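In what follows, a structure is listed as structure tokens, so that the remarks can point back to it.
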Amino acid sequence: MARHARVDRLARWGMTLPPTVFLLAFVAAPALIMILASFREPGEFGGLAPWNGASFEAYRFLLTDIIYAEIFARSLLVAVLTTLICLVLAYPLAWLIARSPKRRRDLLVLLVMLPFASNFLIRIYAWIMLLGPLNLLFSPWAVMIGMVYVHLPFMVLPLYVNLERHDPALLEAARDLGAGAWTRFSRITFPLSLPGIYAGAALVFIPVFGMFAVPELLGGTGDILIANLIKEEFLQNRDWPLGSALSILLTVAVLACAGLATLAARRGFKGTEAVS
Amino acid sequence: MALLELRNVTRRFGSLEAVKNVSLAIEAGEFFTLLGPSGCGKTTILRMIAGFDAPDEGDILLDGQSLSGVPPEQRPLHTVFQSYALFPHMTVAGNVAFPLEMAGRPKDEIRRRVGEALELVHLVAKAESFPHEISGGEKQRVALARGLVGRPRLLLLDESLGALDAKLREQMQIELIALQRQVGIAFVFVTHAQDEALALSHRVAVMRAGRIEQCDEPDRLYTQPANRFVADFIGKVNLIDVEVLAASKVLLALRAPGLGEIAASDPRPLRAGESGTFALRPELIRIFGRKESADLKNRFEGKVKELLYLGDVTLYKVELANGFVIEALMPNAAPGRAKFHEVGDPVAVCWRHDAGLYLRE
């Protein structure tokens, strides 16, 4: 018994060790470095000035200059809009795939994932070719189109996985008890798909909030988002503490959003775990 | 006028005729059962009544009005599904309130009627539970309450007791009978379990391959089966191939090949020479030792081949002279230990002349 327990514990340690080391080395340590860097002074030619006690200069600067709040709000808006547009586009698509015959379903899912077969940047450059002649390039529209295009599959897949598992008998029962088509959707299908919606929303919202490449390549100078700002602080302005502080604010904001969503989900999911 | 009427209903799936020219009438307040092996078309009939499927030919009428073209959500009848199909994201009370909300009833009326319906199925204490938090029997009762709360003209039950274990099933059967009597709504029940059909129903339609073989009260189905299929499907039966030797108004002489003459009775005018099946229920057969005399018309000698002690009864399989194995059920009703005819014992099986039934097909 005791031997077994020890072997068990060893096995568990052995299994969890590699991911733990990975997370410590590539998530916890860089985050810690960023936090420390954000409380220091910038060096004259980039990097950090010699240690001279904790400085709150970076945070003070962020909170007093309205431009940072503006860009932060814009990033949030883009993330929310992208998530909503993806949801509206993905829901009917996921629903149609979930309702297709089994053999066609696998093919359709494959088609949804097919864009991943080519490089993300190449696909964004392709959009430059497409949007240029339409006079849409370097505009907020181009940024939104690119964001939605890139993240749509991340909304379709969790929604499809959820909708495919719905018991068709539930819709028949609702219909039998007097529910018309719209009521069947609003009272049965939609509430039961909430876990899929939350999963998809998280998979879209979080990367869009921190997205750097799409506004960089498709957006104009007025369309920069928080991630572009971070890049600018590090590479152009050479203000590492300010870039670090921005990064930390972004991380905190994303975590806060995720936390709120989880709380909301706990309330809204009662009963739906049983089916999905 | 019948509450629900099926007139020459036929339903085809490709080249398969799932329901063949079925006509039947269900009266108000009746507990009607469609009984048959899987694939006999009974669920197809239920789905056509509910409106999820439509007949290719014929018509379905409710109170004399054709239901053709009326979608399921507008038919005043509700279904209790085989899997119950409770809405997992709604509480028990929410599930039961659903049909009333769909009917647009006012809030206080909904609250009152949900309370009454839950009381009817003894689930008031579980009103705020979610479906995944309650047992199978409780789910069954929620599904019943949800089907009944809107006071439909007709409640359709699709193999509704199939998912329950034997003990719970018996209890639910008793509850279902009491419930149906209490609410007075006509039930149309679909099942493949003949004991369930006999126990629950006022009338049973026995189906085979899309047709109704016999539609009758349970005791008449059991004692007067219309044909060999019904006799065999309902309960246990010995089926012996016979030929009519002589027929009079009261007495019927049959000849079973290799066995001899069987005395029976049949009011129908039968002709000597025709052949059919002699059906005999095991519990109507008596077993005696060879030396005991019995004042019964039919007496055949044989040997006990097997016996199954079932507690209340013992089932004997007796091999007769021609090799035919006849089954006889003997009650163990005497106090003390049961007395058996052991395997290999020479015995005689006897039955009254009116115990069995001659079937033409």
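Consider B:Arg7 carefully, then state whether it is part of a strand (DSSP E or B), crowded, with 20+ Cβ neighbours inside 10 Å, over 18 Å from the mean Cα position of the chain (by Cα) and among the charged types (D, E, K, R).
no
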Q. Pick from segment A:190-201 the residues that are out of contact with any Ser or Thr (no Cβ under 9 Å at 6 or more places or on another chain) and in contact (Cβ under 8 Å) with a residue 40 or more places away in the chain: which of them is farthest from the other protein chains (Cβ to nearest Cβ)?
A. A:Ala199
**Q.** Subset tally (residues that are more than 10 Å from chain A (Cβ to nearest Cβ) and under 31 Å from the mean Cα position of the chain (by Cα)) for segment B:113-133
**A.** 8
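So which of B:Leu164, B:Leu156 ends up being in contact with a Phe, Trp or Tyr (Cβ under 9 Å, 6 or more places away or on another chain) and over 24 Å from B:Arg111 (Cα atoms)?
Only one candidate passes the filter, namely B:Leu156.
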Q: Tell me which residues, restricted to segment B:214-245, are over 21 Å from B:Leu157 (Cα atoms), touching a Phe, Trp or Tyr at 6+ places or on another chain (Cβ under 7 Å) and crowded, with 18+ Cβ neighbours inside 10 Å.
A: B:Ile240, B:Val242
**Q.** Among the candidates B:Leu86, B:Leu24, B:Leu35, residue that is in contact (Cβ under 8 Å) with a residue 60 or more places away in the chain and within 14 Å of chain A (Cβ to nearest Cβ)
**A.** B:Leu86
Q: Would you mind listing the helices (runs of 4 or more DSSP H) fully within segment A:70-175 where at least 2 residues are more than 14 Å from every other protein chain (Cβ to nearest Cβ), buried (at least 17 other Cβ atoms within 10 Å of the Cβ) and β-branched (Val, Ile, Thr)?
A: A:102-113, A:140-164
Q.
Quick test of your reading of the structure: B:Phe87 fulfils all but one of (1) part of a loop (DSSP other than H, G, I, E, B); (2) closer than 24 Å to B:Leu179 by Cα; (3) under 23 Å from the mean Cα position of the chain (by Cα). Name the failing condition by number.
A. (3)
Q. Filtering segment B:38-59 down to residues that are among the acidic types (Asp, Glu) and in a loop (DSSP other than H, G, I, E, B), which residue is nearest to the other protein chains (Cβ to nearest Cβ)?
A. B:Asp53
(Q) Considering only residues that are acidic (Asp, Glu) and more than 33 Å from the chain's Cα centre (by Cα), which ones fall in segment B:320-361? (A) B:Glu342, B:Asp345
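Filter segment A:216-240 down to residues that are out of contact with any strand residue (DSSP E or B) (no Cβ under 7 Å at 6 or more places or on another chain), part of a helix (DSSP H, G or I) and closer than 19 Å to A:Thr251 by Cα, then give me how many there are.
Residues of segment A:216-240 out of contact with any strand residue (DSSP E or B) (no Cβ under 7 Å at 6 or more places or on another chain): A:216-237.
Now drop any that are not part of a helix (DSSP H, G or I), which leaves A:216-218, A:221-223, A:226-235.
Applying the additional criterion that residues be closer than 19 Å to A:Thr251 by Cα yields A:226-234.
Of the residues in that region, 9 qualify.
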Q. For B:Glu319, which of the numbered conditions (1) loosely packed, with under 13 Cβ neighbours inside 10 Å; (2) at pLDDT 90 or above fails to hold?
A. (1)
Q) Of the residues that make up segment A:27-48, is at least one closer than 30 Å to A:Asp167 by Cβ and touching a residue at least 12 places away in the same chain (Cβ under 8 Å)? A) no
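Would it be correct to say that B:Leu198 is modelled with pLDDT under 95, closer than 21 Å to B:Ala163 by Cα and either in a loop (DSSP other than H, G, I, E, B) or not basic (Lys, Arg) (or both)?
Taking the combined requirement at face value, the residue satisfies it.
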Q) Do we have A:Leu255 as under 23 Å from A:Pro30 (Cβ atoms) and either within 14 Å of chain B (Cβ to nearest Cβ) or in contact with a helix residue (DSSP H, G or I) (Cβ under 8 Å, 6 or more places away or on another chain) (or both) here? A) no
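Condition check ((1) free of Cβ contacts under 8 Å to residues at least 24 places away in the same chain; (2) of a type in the set (Phe, Trp, Tyr); (3) within 30 Å of B:Glu196 (Cβ to Cβ)) across all residues:
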residue: B:Ala231; (1), (2), (3): no, no, yes
residue: B:Val237; (1), (2), (3): no, no, yes
residue: B:Glu243; (1), (2), (3): no, no, no
residue: B:Lys249; (1), (2), (3): yes, no, no
residue: B:Ala253; (1), (2), (3): yes, no, no
(Q) Checking the conditions here, which among B:Pro331, B:Pro335, B:Pro282 is under 24 Å from B:Asp232 (Cα atoms) and exposed (fewer than 11 other Cβ atoms within 10 Å of the Cβ)? (A) B:Pro331
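Inside segment B:96-112, can you point out the residues that are within 14 Å of chain A (Cβ to nearest Cβ) and not in a loop (DSSP other than H, G, I, E, B)?
Those that are within 14 Å of chain A (Cβ to nearest Cβ) and not in a loop (DSSP other than H, G, I, E, B): B:Val96, B:Ala97, B:Phe98, B:Pro99, B:Leu100, B:Glu101, B:Met102, B:Ile110.
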**Q.** Given (1) among the polar types (S, T, N, Q); (2) away from chain A (no Cβ under 14 Å); (3) part of a strand (DSSP E or B), index of the condition B:Ser68 fails
**A.** (3)
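This table checks each residue for (1) assigned to a strand (DSSP E or B); (2) not small (Gly, Ala, Ser).
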position	(1), (2)
B:Glu213	yes, yes
B:Asp232	no, yes
B:Gly258	no, no
B:Gly273	no, no
B:Glu301	yes, yes
Q. Any idea which of A:Arg187, A:Arg267 is in contact (Cβ under 8 Å) with a residue 12 or more places away in the chain, of a type in the set (D, E, K, R) and within 14 Å of chain B (Cβ to nearest Cβ)?
A. A:Arg187
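The values are calculated or read from the model by the stated rules, or taken from the named source; none is laboratory data. None of these values were measured; they are calculated from a predicted model. Counting neighbours? That spans all protein chains shown, and the Cβs are built from the backbone with ideal geometry, glycine included.
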